[in-house]
Structures are given as C-alpha cells and as structure tokens.
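Everything below concerns the one structure shown next.
Please treat every number below as a calculation from the coordinates, not as lab data. Since the structure is predicted, the reported quantities are computational estimates derived from the model, not experimental observations. Virtual Cβ from ideal backbone geometry, glycine too; neighbours counted across all protein chains shown.
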Amino acid sequence: MVIAIKFGGSLLFNKKGDIDSNLLQNFVEIIKSSKNIKSVVTGGGILARKYISYGRSLGINESYLDLLGIEISRVNARLLIGMLGNLAYPVVIKSIDDAKMAFAMNKVGIAGGFLPGQSTTSVVLQIAESINVNHLIILSDVDGIYDKNPKLNDDAKKFNTINTEELEGIILNSSENQASAGEYRIFDAVSLQLFKRNDILVRLINGKDMGNLKKLLKDDFQTSKIGTLISKV
Ligand code: UTP
C-alpha cells in the first residue's frame with residue numbers, strides 16, 4: 001500500500017491563529033510509525049489567505065496572489081520537513097520529478113503548492129499519480145464532504161460516499177467563487193479532473209482529531225465509516 005496525505009492548512013493553525021504544535025507532533029508520530037505514507041502535501045491555511053487578501057487589497061493580480069499562497073504552503077512544508085528529520089526528503093518537493101526522486105530514495109516527499117490556478121489538493125493528486133499511490137487521504141477540519149458548506153449551513157448533509165458526478169454538481173452549484181486565489185475548495189475543478197483519470201482511492205477525513213487518521217490506517221479504506229469516500233461511479 002502506498003499512501004499520500006494532504007494536510008489541510010486549516011489544521012495547521014488553531015482558532016487563535018497560532019501553529020497547532022500538538023496536532024503537528026501527533027501527525028509526525030503517525031508518519032514515523034507508518035511505512036506506507038510516502039508523500040505529504042501541506043496547505044497554506046489562514047496565513048496564506050491573509051497574505052492573499054492583503055495582496056488583493058493592494059491591487060495584485062490573481063495569479064500573483066496564487067504565488068503568495070504557494071510560498072506560504074511551502075513554508076508549512078518546510079516546518080514538517082524539519083520535524084521529520086532524516087525520514088523526509090530534505091527539500092520541499094516542487095515538481096513531479098522531485099516527487100519521484102524522493103520516492104526513489106525512499107524518503108517521505110513533502111510538498112506545498114506547485115502552480116497558480118489550482119489547490120494543494122491538485123498537487124497531492126499529481127504526486128499520487130506520479131509515484132503510484134493507491135490510497136490518498138485528505139485531512140481537513142470537517143468530518144467529510146457535505147452537500148453545502150457545513151460551517152455556514154446547520155442543515156448540511158454529510159456523504160459517506162460521493163461519486164464524481166455528485167461532487168461536480170456541488171462544485172458547480174457552490175455560490176463561493178471557486179477560482180479566486182485562496183478560495184480553491186477541498187475538491188476544486190482541477191482536482192476533480194485529475195481524480196477522474198486514475199484509480200487512486202480517495203477519502204476525506206477530519207484531521208483535527210488525529211485518532212481518525214490512526215483508525216483509518218488500520219481500517220479497510222473502502223468500507224471504513226470515517227469521513228467520505230470519493231468514488232468514480
Ligand atoms: P490551498 O488552498 O490548497 O491550501 O493553498 P489550504 O489552506 O490547505 O486549503 P484548504 O484547507 O484545503 O481549504 C493555498 C492557496 O495557494 C494557492 C491558491 O491560491 C490556494 O488557494 N495555490 C496552492 C496555488 O495557486 N497552486 C497550488 O498548486 C497550490
């Protein structure tokens with residue numbers, strides 16, 4: 001089994017906006033004790049969004065704002081590399097070639113963003129494809145994929161399994177602007193297209209409680225009750 005993980009930026013910071021060092025330490029322990037986790041992609045989180053919103057108010061264009069988000073996600077990646085020590089490939093993964101190199105050297109490859117116009121979910125799918133990952137775990141701060149934003153709607157319904165058609169419907173119907181810098185949602189349109197063209201199993205779970213990740217690593221990935229499984233059909 002080869003596993004890749006997207007570590008959502010929302011997990012990195014606590015409500016006060018400080019780095020959640022406890023959660024990070026728990027996450028690092030899990031990576032250390034698993035032989036199967038081969039790549040982690042860190043998001044930008046609140047810090048990326050702050051830079052992006054300041055930049056936007058200063059008149060900077062969207063693709064340059066994306067570059068700001070990418071830089072911040074790479075700082076977050078560096079933090080994780082520092083914590084993992086020798087287990088990690090020593091530099092931030094910035095391309096598919098880097099990801100393949102890390103894999104060939106049997107190191108955990110840690111990436112942030114790659115290119116403007118997408119999210120770190122797209123990055124983790126690109127890496128997963130390139131190193132033949134079969135299980136991808138997206139760690140977010142919500143319990144799964146909902147029919148609408150659960151943070152804004154009390155009546156939002158969680159899916160145990162969602163197929164690409166249903167997911168596409170949610171992405172297209174969302175009133176939030178999916179294509180602005182800082183606003184690419186958990187599963188953006190680029191990620192969806194990447195997902196459709198491979199056989200990688202993807203499950204989104206809540207990483208605020210690292211117990212979920214521990215449990216999922218022991219569970220059967222397809223039938224687990226944790227989070228939402230994204231299916232092709
Ligand atoms: P993300 O939005 O992917 O990080 O990247 P996040 O904070 O973890 O997001 P959640 O928690 O999953 O919602 C931050 C920003 O960096 C830019 C985008 O502007 C994105 O919104 N980015 C990231 C890119 O332009 N390209 C990339 O490949 C990755």
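With an 8 Å cut-off on Cα pairs and a minimum separation of 6 or more residues, tell me the relative contact order of the chain in percent. Computed value for the chain: 23 percent relative contact order. Scaling the Cα radius of gyration of region 83-233 by the globular reference 2.2 N^0.38 Å produces a ratio of 1.06.
Given axes a ≥ b ≥ c from the Cα gyration tensor, I'd like to know whether region 11-73 is rounded (a/c under 1.5), prolate (a/b larger than b/c) or oblate. Oblate shape, in that a/c is at least 1.5 and b/c is the bigger or equal ratio. Around the amide H of ALA88, modelled in the peptide plane, lie the amide H atoms of VAL108, all under 5 Å away and 5 or more residues distant in sequence or on another chain.
Placing a pseudo-label 7 Å from each Cα along the Cα-to-Cβ vector at LYS214 and LYS35 gives an inter-label distance of 2.1 nm.
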